[in-house]
Amino acid sequence: MHSKIIVLAFALALGGAFLAGVAVGKDARQAKFVTREEVKWSDVQGLRMAVLSGDIDKGPYTALLQLKAGVEPPWHSHSNDYEAVELAGTTRHWMRGEDGAKAKKMTPGSYWAMPGGVDHVSVCDEGVDCVLVIWQRTRFDALPGKEPARAAAPAISPGKGSTAAAPHTRK
């Protein structure tokens, strides 16, 4: 019986301490406000990024990503899914087998989700640098993709009466 009273007293004391903390506004969450001038940009795997929250090396995180206008980066993928919203400029994104000229134009306010492991190209159209907010539940990475095979030039066949030599082979 004595031990039950001690446990009850401890529980009441702990509960009282919790309620006292709540009563005086001891909330662990804090508001965060960052102005445009306070954003700290850095180079992350060759990309200009600014982490807004979380840990980009471990995840989850939310960051700004800036792409230069008119620059077409190489094919790449990410280990994990990401989501993004366009803030400035116009980007286009396409995967293998798709025509980049027909890719949907993502203007400010546009949203997309890219699955991990999918080779793609993300281009910022001419005119204005693109800024987007990107977030992942995991760490950030950009893995080199395989460039798509380019169409081979048509074979030239010698015409009638041609003096074209056979291809030279080394012995």
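The values are calculated or read from the model by the stated rules, or taken from the named source; none is laboratory data. In this text, all values refer to a predicted model and were calculated from it rather than measured experimentally. Cβ sites come from the backbone with ideal geometry, for glycine too, and all protein chains shown count toward neighbours.
Here are a few things to note about the model shown:
- Ala63 vs. criteria small (Gly, Ala, Ser), closer than 28 Å to Glu38 by Cα, touching a Leu at 6+ places or on another chain (Cβ under 7 Å) and modelled with pLDDT of 95 or more: yes
- Test set (1) surrounded by fewer than 16 Cβ atoms within 10 Å (Cβ to Cβ); (2) part of a loop (DSSP other than H, G, I, E, B); (3) touching a residue at least 40 places away in the same chain (Cβ under 8 Å); (4) of a type in the set (Val, Ile, Thr) - Val85 fails condition number: (2)
- Elements of type strands (runs of 3 or more DSSP E) contained in the range 103-149, each with 3 or more residues being crowded, with 18+ Cβ neighbours inside 10 Å and of a type in the set (A, V, I, L, M): 130-136
- Taking each residue of the range 34-52 that is outside any strand (DSSP E or B) and of a type in the set (Val, Ile, Thr) and looking for partners that are modelled with pLDDT of 95 or more and surrounded by 17 or more Cβ atoms within 10 Å (Cβ to Cβ) with beta-carbon atoms closer than 6 Å, six or more apart or interchain, yields Val39/Ala50.
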